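Contents: one structure, followed by commentary.
The values are calculated or read from the model by the stated rules, or taken from the named source; none is laboratory data. What you see is a predicted model; the values in this text were computed from it and never measured. Cβ placement follows ideal geometry from the backbone for every residue including glycine, while neighbour counts extend to all protein chains displayed.
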Amino acid sequence: MAELFYDDDADLSIIAGRKVAVIGYGSQGHAHALNLRDSGVDVRVGLREGSASRAKAEDQGLPVLTVAEAVKEADVVVILAPDQFQRHIYRDEIEPNLKDGAALVFGHGFNIRFGYIKPSPAHDVLMVAPKGPGHLVRREYEAGRGVPVIVAVEQDASGEAWGLALSYAKAIGGLRAGGIKTTFTEETETDLFGEQAVLCGGASQLVQYGFETLTEAGYQPEVAYFEVLHELKLIVDLMVEGGIAKQRWSVSDTAEYGDYVSGPRVISPEVKENMKAVLGDIQSGAFAERFIGDQDAGGPEFAELRAKGEAHPIETTGRELRKMFSWMKESDSDYQEGSAA
Ligand code: NDP
Ligand code: MG
Ligand code: MG
């Protein structure tokens, strides 16, 4: 059984007694910085010159410094810029300014696991990775709840890295939901696999093939969109609440029987072999090398793949349909304003 942590297992005063610099103010950065601040932690945000994020952080009342200035002041440096830029930021602005004994915190293990960042052994290296998007990390905290986190210590130079990691996890609200102990290797490899094989890659391809199969057979794209994309959320919500079993319990017997006979026909055993190959490329570092190689060349492959994805007919159909939903909402509010006048 995995080792679990909750609020009572952590001492908030550890992180509250340190100066924290959050580098990056995007999806995760804004959530960590604001949750830490609201938990009573002394936070500053480090951003590059001319950063588009500066105004957002300042509007929230957070002090914004250059990355170098923020790091110079900090006992704890949280690296929440995009994975592909972290090693440049680390080499140029973090490492040369890092205080003796300062701790490094990551939100994902990519750069440590694949050796793109190699901190000196004199520093604690921790990970507190929320298992949800940044906007939810903030929204849940504000609602008095939290998004579950996974926590790891790669280097324990101080001998007190675990206490700090749990204190940090508590301050961002993660231990209200619960924390699971992991390692940088396990987090990185399972995170990449999950997003590639199932959550992002697998689900996107499944939805696109479903849409193509129906529209190529002459069915209306709008109807196909609802069947293969829109309803997916409702099914996934049931899975999250009660596993695959609850989803099967809730759908009709017809749907449940169809699940058993056609699911394994669509996702055949060969797909599992493909998943193993994907996992192999993650474990060997081949995926990381391909991603970083492309990023270092300015991301041409990334741009091409993104453009191709956006050009898929399901996106056009979806855009038109969703406009219709918002038109209906707008019309409702117009009506209310009109009737109040
Ligand atoms: P974002 O893409 O949202 O980060 C953007 C922020 O990073 C902006 O504030 C941007 O500033 C800043 N930034 C970009 N380049 C630089 C630079 N060269 N120097 C300084 N700041 C820079 O990142 P995410 O929040 O998606 O990811 C951050 C980390 O969290 C990653 O390790 C990721 O794997 C992990 N993570 C992310 C999750 C998510 O929900 N997105 C979930 C769990 C983990 P500017 O305005 O100047 O561009
Ligand atoms: Mg990820
Ligand atoms: Mg149906």
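For segment 155-167, indicate whether the set of residues that are part of a helix (DSSP H, G or I), over 17 Å from residue 104 (Cα atoms) and in contact with a Lys or Arg (Cβ under 9 Å, 6 or more places away or on another chain) is non-empty.
no
Within segment 221-239, which residues are more than 11 Å from ligand 3 (Cβ to nearest atom) and more than 24 Å from the chain's Cα centre (by Cα)?
221, 222, 224, 225
Only one of these is over 13 Å from residue 172 (Cα atoms) and more than 16 Å from ligand 2 (Cβ to nearest atom): 103, 143. Name it.
Step by step, each of 103, 143 is checked, and only 103 is over 13 Å from residue 172 (Cα atoms) and more than 16 Å from ligand 2 (Cβ to nearest atom).
Any idea which of 218, 242 is more than 18 Å from the chain's Cα centre (by Cα), within 23 Å of residue 265 (Cα to Cα), among the small types (Gly, Ala, Ser) and away from ligand 2 (no atom under 16 Å from the Cβ)?
Exactly one residue qualifies, and that residue is 218.
Would you please list the contacts, defined by Cβ atoms under 8 Å and residues six or more apart or on different chains, that run from a residue in segment 85-109 that is assigned by TED's automatic domain parsing to the domain that holds residue 74 to a residue that is hydroxyl-bearing (Ser, Thr, Tyr) and crowded, with 23+ Cβ neighbours inside 10 Å?
If the second residue must be hydroxyl-bearing (Ser, Thr, Tyr) and crowded, with 23+ Cβ neighbours inside 10 Å, the pairs left are 105/168; 108/188; 109/188.
Suppose the filter is within 13 Å of residue 183 (Cβ to Cβ), touching a residue at least 40 places away in the same chain (Cβ under 8 Å) and either outside the structural domain of residue 92 (by TED's automatic domain parsing) or among the hydrophobic types (A, V, I, L, M, F, W, C) (or both); does residue 137 pass it?
Judged against the criteria, residue 137 is not a match.
Hey, among 227, 187, 222, which residue is in a helix (DSSP H, G or I) and not assigned by TED's automatic domain parsing to the domain that holds residue 318?
One residue alone meets the criteria, 187.
Look through segment 218-235, keep the residues that are of a type in the set (A, V, I, L, M) and exposed (fewer than 13 other Cβ atoms within 10 Å of the Cβ), and return whichever of them is farthest from residue 325 (Cα to Cα).
234
Between 117, 112, which is at pLDDT 95 or above and either within 16 Å of ligand 3 (Cβ to nearest atom) or crowded, with 22+ Cβ neighbours inside 10 Å (or both)?
It is 112.
Can you name every residue in segment 72-108 that is over 23 Å from residue 38 (Cβ atoms), within 11 Å of ligand 1 (Cβ to nearest atom) and among the hydrophobic types (A, V, I, L, M, F, W, C)?
Result: 85, 89, 94.
Out of (1) surrounded by 14 or more Cβ atoms within 10 Å (Cβ to Cβ); (2) more than 16 Å from residue 137 (Cβ to Cβ), what's the single condition that is false for residue 8?
It fails just one condition, (1).
When segment 53-106 is examined, which residues are found to be farther than 26 Å from residue 295 by Cα and assigned to a strand (DSSP E or B)?
Answer for segment 53-106, where residues must be farther than 26 Å from residue 295 by Cα and assigned to a strand (DSSP E or B): 64, 65, 76, 103.
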